[in-house]
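Worksheet for the structure shown next.
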Amino acid sequence: MKGTFFQKPFEFNLDVPGEQWFQGQELKGTLRVTNHAPSNDQFPENLGIALAIGKNKKVKAKSSDAFEIVETVSLSSSDQVDFNFKLPINGPISDKTQSYYLVYGDLAAKEGHLQLNVDSSLTFKPLLDVLDIFFRFKLKEKKFNKKSIEFKFIAPDAKEFKQLDTLILNMSEDEDLTIHINATFNLKNVGITDGNVAVQKTKATKKLQLTSKDYLFQKDSPNQDAIRKVFQSLFDDISPNKFF
């Protein structure tokens with residue numbers, strides 16, 4: 001991923017290997033600056049690059065409060081700087097409302113910026129795969145929500161899930177790969193009220209905590225059978241008579 005930004009008399013060139021990143025990964029790159037002024041004066045102190053969280057609507061509107069700076073690397077007197085930012089494991093992902101950005105150039109003006117494509121942690125992938133493959137839940141939406149990722153699933157068109165409308169899983173993780181899950185089941189019950197057919201909507205919730213031994217054989221080797229049993233037990237605990 002590359003970016004170029006002109007801020008007279010300076011030209012900034014940003015080079016970041018990669019097109020997509022995940023929560024918890026490192027983001028590395030190089031920022032180069034060329035001074036096109038007749039005299040090569042020393043660079044101002046506020047030149048550099050920063051990792052920032054940007055509100056997408058405010059960024060588009062060029063609002064002064066569009067960015068929240070997370071970490072900064074200054075250019076100082078050099079015309080090139082290498083940077084290495086660590087994306088927080090429970091930080092925002094790129095969704096409709098916000099995203100991580102690289103803000104570069106004059107950091108006080110915050111005019112030069114490059115939006116990053118940051119997705120949810122790869123730690124969650126084995127669980128999402130099992131929900132899709134074994135239980136046929138389809139992911140409808142995911143977004144950042146209070147230091148966790150909210151995954152919203154559409155229930156499969158199957159008899160055992162006929163009273164389940166949507167399943168919402170809020171997931172976060174620890175450095176030791178422990179996963180915390182808050183599950184919300186949005187249920188619908190069809191009945192007769194005063195001679196009329198009515199749909200009654202209710203919710204059921206459940207909290208889970210999985211250590212790496214609960215869903216991995218070893219690092220990077222998912223235990224799909226163990227994960228399937230975790231979800232099977234979750235469904236049974238919430239509504240044993242409605243689903244299975």
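The values are calculated or read from the model by the stated rules, or taken from the named source; none is laboratory data. The model shown is predicted, which means the values in this text are computed figures rather than measured ones. Quick reminder, even Gly has a Cβ in these numbers, built from the backbone with ideal geometry, and neighbours come from all protein chains shown.
Can you work out which of the residues in the stretch 5-22 that are charged (D, E, K, R) and closer than 30 Å to residue 121 by Cβ is surrounded by the fewest Cβ atoms within 10 Å (Cβ to Cβ)? It would help to see each step written out before you state the result.
Start the filter on the stretch 5-22 by keeping residues that are charged (D, E, K, R), which leaves 8, 11, 15, 19.
This time we only want the ones that are closer than 30 Å to residue 121 by Cβ, so: 15, 19.
Details: 15: 14, 19: 8.
Top of the filtered list is 19.
Count, please, the residues in the stretch 1-21 that happen to be part of a strand (DSSP E or B) and closer than 12 Å to residue 31 by Cα.
As a first pass, look at the stretch 1-21 and keep what is part of a strand (DSSP E or B): 2-7, 10-15, 21.
So of that shortlist, the ones also closer than 12 Å to residue 31 by Cα come out as 2-5, 11-15.
Number satisfying all stated conditions: 9.
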* To do: State all residues of the stretch 50-67 that are over 17 Å from residue 117 (Cα atoms) and under 22 Å from the mean Cα position of the chain (by Cα); if no residue qualifies, say none.
  => 58, 65, 66
* Structure fact -> Subset of the stretch 23-38, residues part of a strand (DSSP E or B) and surrounded by fewer than 17 Cβ atoms within 10 Å (Cβ to Cβ), comes to 26, 28, 30, 32, 34, 35
* To do: Specify the residue that is surrounded by the fewest Cβ atoms within 10 Å (Cβ to Cβ); the eligible residues are those in the stretch 39-73 that are aliphatic (A, V, I, L, M) and touching a Gly at 6+ places or on another chain (Cβ under 6 Å).
  => 73
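So, of the residues in the stretch 100-152 that are polar (S, T, N, Q), under 19 Å from residue 56 (Cβ atoms) and at pLDDT 95 or above, which turns out to be surrounded by the most Cβ atoms within 10 Å (Cβ to Cβ)? It would help to see each step written out before you state the result.
Kept after step one, since they are polar (S, T, N, Q), are these residues of the stretch 100-152: 115, 117, 120-121, 123, 145, 148.
Add one more test, that the residue is under 19 Å from residue 56 (Cβ atoms), and what stays is 115, 117, 120, 145.
Okay, now just the ones that are also at pLDDT 95 or above, so 115, 117, 120.
Numbers: 115: 15, 117: 14, 120: 22.
The selected residue is 120.
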